[in-house]
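First the structure, in the form of structure tokens, and then the observations on it.
The values are calculated or read from the model by the stated rules, or taken from the named source; none is laboratory data. All values derive from a computational prediction rather than experimental measurement. Here the Cβ is made from the backbone with ideal geometry for all residues, glycine too, and neighbour counts use every protein chain on show. Protein only, heavy atoms only, side chains kept; ligands, DNA and RNA dropped before computing areas. Shrake-Rupley method; radii C 1.70, N 1.55, O 1.52, S 1.80 Å.
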Amino acid sequence: MAYVITDECVSCGTCESECPCEAISQGDEHYVIDADACVDCGTCAEACPTEAIKPAE
């Protein structure tokens, strides 16, 4: 199960630099996670200062 970035994202970029799989990139409105590249490690969620990253449902 991949993680997703919610609308609470403030586009600070912290998650992108923490992702060991380079699965996070800047989207149109906020950062996004490539579900195919995400290995569900949770590093991005732990690093997010706004708690905008959640496990996908």
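Here are some notes:
- Verdict on P55 being open to solvent by 40 Å² or more (accessible area, probe 1.4 Å) and in contact with a Phe, Trp or Tyr (Cβ under 7 Å, 6 or more places away or on another chain): yes
- Residue match in segment 39-46 (condition: open to solvent by 60 Å² or more (accessible area, probe 1.4 Å) and in a helix (DSSP H, G or I)): yes
- Boolean, I33 is within 9 Å of the chain's Cα centre (by Cα) and in contact (Cβ under 8 Å) with a residue 24 or more places away in the chain: yes
- Cβ pairs under 8 Å, 6+ apart, first in segment 1-25 and modelled with pLDDT under 95, second among the basic types (K, R): none
- Qualifying residue in segment 14-37 (condition: acidic (D, E), in contact with a strand residue (DSSP E or B) (Cβ under 7 Å, 6 or more places away or on another chain) and not in a loop (DSSP other than H, G, I, E, B)): yes
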